[in-house]
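The values are calculated or read from the model by the stated rules, or taken from the named source; none is laboratory data. Everything numeric here is computed off the predicted structure, so don't read it as measured data. Every residue, glycine as well, gets a Cβ built from its backbone with ideal geometry; the counts of neighbours run over all protein chains shown.
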Amino acid sequence: MTLLLRLSLRNLLRQKRRNVLLGTAMALGVMILIVANSFSHGISDIMFNKIMRWVTGHVSVRFNEKGGIMREIFRDRERARAALEGEPDVEQVDESIGYFMRAIGNGKSDNIILVGVNTGDGIDEKTRKEVEESFRLVEGRWEDLRDPAIENPAIVSLEKARTLNVKKNDVLRVRFRNMFAQDQAARLTVVGIMKNDNIFMQPVIFVELSNTKAMLGFRPYETASLSLKVANPQKTARALADRIHDRLKPGLAFISGEAANGPRRHGVTVVGYKSDDASKQKLSEKLKLTAGTLEAALKSDGVILPQPLAEALALSPGEAFGLSFDRKFEATKADLTFKVSAVCRSDDGLGDDTVLMNDDKFYDAYYENLPANSGAAFTPGKGSAWAPLFSPEWILLDRTANTDDYKKKYMEMSKKKWKGTTVDVSTMYETASDILKLEGVLNLITLSAVMVLFFIILLGVVNTLRMTIRERTREIGTVRAIGMQQADVKRLFVLETFFLTLFASAAGTLAGFAAMAGLSRLTFHLQDNPFGMLFVNGHLHFVPTFLGVAGNNLLISAIAVVTAYFPARRAARLSPAKALRHFE
Amino acid sequence: MKNVLIALLLFLFPAAALAESRVLSILQAIDDNYKLKSDVRADVALTQQKPEQGTKVIGMDYYRRDSDDAFLMAMTAPENEKGNGYLRVGDNFWMYRKNTRTFQHVNRDESIGGTDAHGSDFETRKLTELYAPAAGADGQELISEEMLGQVPVFKSEVKAKVNDVDYPKKIFWTRRDNGLLLKQESYSLSGTLMQTAYFLKFTVIDGRYIAVKHVYIDEFEKGNKTVVDISNIVVQKLDDSIFTKATLENLSK
């Protein structure tokens, strides 16, 4: 075998010019394949780790209260965070807030997206650097975002600063509707101007998260949707999302409090009933009203009292009663007033002190004044036939596999007009699976183009081998005459091609890396071009992977060897006598 | 567009009924008159003036029935909006697009046709449920007697009781003799004056005062102004068939 190796290497050197030309063509193909493959990986890396990672996180836990697309709030921050505890893969948890606003600068106005960023609490140095690299400041300092002496410090994109005619230290006025549809106005002080190649980041204005939350009406114990940065996301994100989803299964929502009508007082448990058509139908079948109408009972402000409670409080339909209960996060009690819509019998397992309330009305009271009993098990309803009709603490949406399913889920959600908070756990590989598809398509296009190139190159390989065999027919006859076996002749030619491909692949790989290094140094100015988002700080971004490079080399070598096999077999099958007589 | 709702909310303003507080009586009067006893149809024209965009006139046919919280609006102008419309029956609110001939459900926080109006603006809610009299430092209601031009008025201030109203603070100027609302200021949560509305012209239909010309001045983005003109008001029982998708489709042809 060693002899064969030596012979094949020597034979390669015998036809230097021909082999160098052929090897160069092969190296060129390998180089293109590696560069293109690394570029498509780079696009995925930009999309996932430099865009989606900031927009949704590797894993996101999204909350939408009362079906409101912009109402991304969960009233119990600690409870939401508890679902993430004990997960070593979670490197960082951010609250994700982005809000459309109207901004007025110096004589100019325009729409902006205000994004809350956490540059202080619990941020490690690595993340801080990532932020600073992703959003380069051309003026100002990131630290100024946290300066309490400045009114709502903000960092504005260069393009937006131009549009609004503002510069550092100028004041911007913004108007917007906060999560509860209240008109709000605020003043932002420009402390920095940033530059970003991503055209979609041009309307963005960054404000420290704590200031953003205060502007939007969050209370300290409430949280916006959560975005998680995790270690090794491709491997861990989906399983992590599944585990968080399991931990976020809701219980039944209820309020333990005291109902009062004048001097009459009675302990009550208030539950919401689901107000979708199917649940209302079931409820209308179960309810045995003794006063009031079913129509009033099922309206959006419907409140149904059991007969014993109505008697104890001396209440009848149309009359108002007070409800007071301890709140989880406030020192004072909640004091609310409701109007009785109907009275029903309680001998069907409902309970003598259970007040039923349309979930539209119920969730308003429940979320705004999260009761002290929140998070506790709802025992009165446990196992009851009524339980499926009662409203949960929140609505946990099913996990989805890809972007199409995810879109369907949200279209469905907008139709269902949820009254409670929807909770959705997803990874960016589901919400942005189209990006993975894009990477796959880019790779396929590259591979197809290179395969066409290689087909042409391989024609050259076959032709070269045929010429070599023809030129070396007498040599083949000689080596066969002195005892070389057919199989060895075949191996000799295959080995020659293999070595040629190996050296060409190595050269192509080196050339590919050199090309990537060279192309990465070029600076493109694409601020107003959508393709700018495919660049990092104006530079092309390549992410070569070991598997990608090795796979491409192996593929090319395998194809070349297979192509060489047939001419080599033909050479091996030559009769030694005929070969020796061969003359050109 | 958002002003359409406000215009329609303030469609009728008769004298205020007495209530336990002077400010509450003003709110109560607005509520009482917002809830129409009979159905109504009218032509509504909104003239929007924006310094950067010029003047835009939006016209619509408007039908309203309060007994089941139903209304229908069919756009008649401008040309690119003509044929589009909105229909609400009870809790269901749809937007109709003529170009695609499709109905789309509107969420309460969804923008209507790319304007600053939202689905929630079209909900029927009582002012007395949303607002309460604001109290001064002395704990007294903020109400005073003033002159608005030559007209003697009450100036009263209210604050939101719930957190999902568009303006958390409002100040009303109502005539002292008949309770008509003449001017209204709306403030943001942070206390910034966002909008001033003037009700300039009234007509009496079916024994009630109806404001037929309103002006809304955007105090935040200076130069923006909307004038609402309501004409051809007809108070009559409207057929059930009007508040249907089919009617909206037919009106759009």
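For this structure, a couple of remarks:
- Members of the range B:75-94 that are among the aliphatic types (A, V, I, L, M) and crowded, with 20+ Cβ neighbours inside 10 Å: B:Met75, B:Leu87
- When the range A:509-552 is filtered for residues that are surrounded by fewer than 16 Cβ atoms within 10 Å (Cβ to Cβ), assigned to a helix (DSSP H, G or I) and not polar (S, T, N, Q), the ones remaining, listed by number, are A:Leu510, A:Ala514, A:Ala517, A:Gly518, A:Leu519, A:Arg521, A:Pro530, A:Phe531, A:Phe546, A:Leu547, A:Ala550, A:Gly551.
- Some residue of the range A:423-441 being charged (D, E, K, R) and under 27 Å from A:Gln281 (Cα atoms): no
- Hits in the range B:143-164 - residues which are more than 14 Å from every other protein chain (Cβ to nearest Cβ), buried (at least 20 other Cβ atoms within 10 Å of the Cβ) and either of a type in the set (Asp, Glu) or without any contact (Cβ under 8 Å) to a residue 60 or more places away in the chain (or both): B:Val153, B:Glu157
- The helices (runs of 4 or more DSSP H) falling completely within the range A:344-442 that include 3 or more residues that are outside the structural domain of A:Gln307 (by TED's automatic domain parsing) and of a type in the set (Lys, Arg) map to A:403-416.
- Total residues in the range A:97-131, condition part of a strand (DSSP E or B) and over 21 Å from the mean Cα position of the chain (by Cα): 8
- The range A:304-329 residues that are part of a strand (DSSP E or B), paired with ones that are buried (at least 16 other Cβ atoms within 10 Å of the Cβ) and among the aromatic types (Phe, Trp, Tyr) (beta carbon under 7 Å, 6 or more apart): A:Ala320/A:Phe338; A:Phe321/A:Phe338; A:Leu323/A:Phe338
- From the list B:Tyr187, B:Tyr167, B:Tyr131, the one residue that fits, being within 14 Å of chain A (Cβ to nearest Cβ) and in contact with a helix residue (DSSP H, G or I) (Cβ under 9 Å, 6 or more places away or on another chain), is B:Tyr131.
- None of A:Thr332, A:Thr337 is in a loop (DSSP other than H, G, I, E, B), under 27 Å from A:Glu65 (Cβ atoms) and at pLDDT 90 or above except A:Thr332.
- Checking each residue in the range A:25-72 for being within 14 Å of chain B (Cβ to nearest Cβ), of a type in the set (Asp, Glu) and either on the phi > 0 side of the Ramachandran plot or outside any loop (DSSP other than H, G, I, E, B) (or both) picks out only A:Glu65.
- Qualifying residue in the range A:233-250 (condition: part of a strand (DSSP E or B) and under 20 Å from A:Ile395 (Cα atoms)): no
- Of the set (1) in a strand (DSSP E or B); (2) within 14 Å of another protein chain (Cβ to nearest Cβ); (3) at pLDDT below 95; (4) crowded, with 22+ Cβ neighbours inside 10 Å, all apply to A:Arg175 but (4).
- Yes/no for B:Asp31 being on the phi > 0 side of the Ramachandran plot and touching a Ser or Thr at 6+ places or on another chain (Cβ under 9 Å): no
- For first residues located in the range A:183-206 and more than 25 Å from A:Met533 (Cβ to Cβ), partners that are acidic (Asp, Glu) and crowded, with 20+ Cβ neighbours inside 10 Å and lie 6+ apart or on another chain with Cβ distances below 6 Å form the pairs A:Asp183/B:Asp166; A:Val191/A:Asp144.
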